[in-house]
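The values are calculated or read from the model by the stated rules, or taken from the named source; none is laboratory data. Computed from a prediction, not measured in an experiment: that's the story for all the values here. Here the Cβ positions follow ideal geometry from the backbone for every residue, glycine too, while neighbour counts run over all protein chains shown.
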Amino acid sequence: MNEKATGRKLILPAFTLPIDLRFSIDVARKNEHVETLRGLAIILVVLGHMIGQDSTGGMRVSDDSFLRYLYYSLEYMRLPLFTVISGWVYANKPAAMGDRTQFLSGKFRRLLIPMFVVGTLLFLFRMIIPGTNTTPSIYDLPRNLVLPYDVYWYLFSLFLIFIVITFVDAQPFFQRTSGWLNTMLVALLMLYVSENFLDPVPNLLSFKGAAYLFPYFLLGIGIYRFPQQLLHRRATMVALILLVTGIVIQQTIWFGDFPHQEKHGLLGMTVGFTASLLLFSLRLNSGFLIFIGSFAYTIFLFHVFFTGGSRIVLMRLGIENQVVILLSGVAMAIFFSIALDLFVRRFPLLRFCLLGVRKSPKKGAEKP
């Protein structure tokens, strides 16, 4: 592996990576600060799904427990950071006007094929395996084609965002700071409309999720294209003040037993925006997180199998300590997802169906 890319040595676990994965990690090291954030973001996502969004999911922790508090404290940051990174990566290699069809076909393959295949496998897994939190009915399986199942709504939403951005990015006004800012304001307006007026409308193709994520995706593009403005010291100081204020309000709501503020509300968006902006400005660098980040998409696709599976196994072994279950479950979900990635990539058909990677991949890393 070429160690000159970053001037430092990346220590990896003692197993041999396939050539295409070693190349992918070399590419990732060129953007080591972003890849560090990608690793952090996917760990936070796995942590959140391990705990569960309420007392009926994940570890089924009570609403007044420390783990529920931990989930709530990180709720406004997990997926927003993941999505800002996606926007930054897109801006790093945007869709050319003449390649729009090719670009979107690649995103369809990379996002929607795994969404349908892996989502169906999770659906069937929960039907068969005893001890899962939900047992779906086989009659509900066809609806997953238009109402994505479980965490995989994110992939459909991201695909819709890519469709929109290919048209927006082709417009000259979007290449200017003012055009980007106006697009952000329109995106926030659409989110407001979606959350306040479209509640009775079925969430077909996860368009409501796309409305929630699009402002964060635009933020990632802005950070890449306009760093002089968005990552300027004054801008980061304002972001820090807003973040601290938002966290104080968030904690006051929790300890003061006030009504929970939704993640798409003003408080949630403020914390999500400012936390992501500040994390980018810190330019963090961790070899461990870079390594985890290089497998982030596979971890996202498969961690739900292992968070649920590890919880069931640990509890049947008589382990009841919630912290032990949480940390063990997160570690196993990440480890087994990476192991599955290494295995699946050896077989072209599995690589295509489960990861959306070409049967004969071109040289280079594929990011969702």
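Which residues, counting only those in the range 327-338, are touching a Leu at 6+ places or on another chain (Cβ under 7 Å) and modelled with pLDDT of 95 or more?
VAL330
Find the residue count for the range 136-151, including only residues that are in a loop (DSSP other than H, G, I, E, B) and modelled with pLDDT of 85 or more.
Total satisfying the criteria: 5.
Those residues that are outside any helix (DSSP H, G or I) and within 30 Å of GLN53 (Cα to Cα), I need them from the range 152-193; list them, please.
none
With the requirement that a residue be assigned to a helix (DSSP H, G or I) and surrounded by fewer than 14 Cβ atoms within 10 Å (Cβ to Cβ), what does the range 50-105 give you?
PHE66, MET97, GLY98, ASP99, THR101, GLN102, SER105 - these are the residues of the range 50-105 that are assigned to a helix (DSSP H, G or I) and surrounded by fewer than 14 Cβ atoms within 10 Å (Cβ to Cβ).
Which of the residues belonging to the range 203-237 are more than 29 Å from ASP150 (Cα to Cα) and surrounded by 13 or more Cβ atoms within 10 Å (Cβ to Cβ)?
Across the range 203-237, the qualifying residues are GLY222, ILE223, TYR224, ARG225, PHE226, PRO227, GLN229, LEU230, LEU231, HIS232, ALA235, THR236.
Test each condition in (1) part of a loop (DSSP other than H, G, I, E, B); (2) surrounded by fewer than 13 Cβ atoms within 10 Å (Cβ to Cβ); (3) hydroxyl-bearing (Ser, Thr, Tyr) for THR132 and report the one that comes out false.
Only one criterion in (1) part of a loop (DSSP other than H, G, I, E, B); (2) surrounded by fewer than 13 Cβ atoms within 10 Å (Cβ to Cβ); (3) hydroxyl-bearing (Ser, Thr, Tyr) is unmet by THR132, namely (2).
Can you list residue pairs whose Cβ atoms sit under 6 Å apart, with the first residue in the range 71-87 being among the charged types (D, E, K, R) and the second being surrounded by fewer than 24 Cβ atoms within 10 Å (Cβ to Cβ)? Count only pairs 6 or more apart in sequence or on different chains.
As it stands, the answer is GLU75/LYS263; ARG78/LEU44; ARG78/VAL45; ARG78/GLY48, since those pairs meet every condition given.
Provide a single number: the residues in the range 348-368 that are surrounded by fewer than 20 Cβ atoms within 10 Å (Cβ to Cβ), at pLDDT 95 or above and not in a helix (DSSP H, G or I).
0
State yes or no: is VAL271 farther than 18 Å from ALA41 by Cβ and either modelled with pLDDT of 95 or more or surrounded by 13 or more Cβ atoms within 10 Å (Cβ to Cβ) (or both)?
No; evaluated as a whole, the condition is false for this residue.
Please verify whether the range 106-113 includes one or more residues that are among the charged types (D, E, K, R) and either at positive phi or not in a helix (DSSP H, G or I) (or both).
No - not one qualifying residue is present in the range 106-113.
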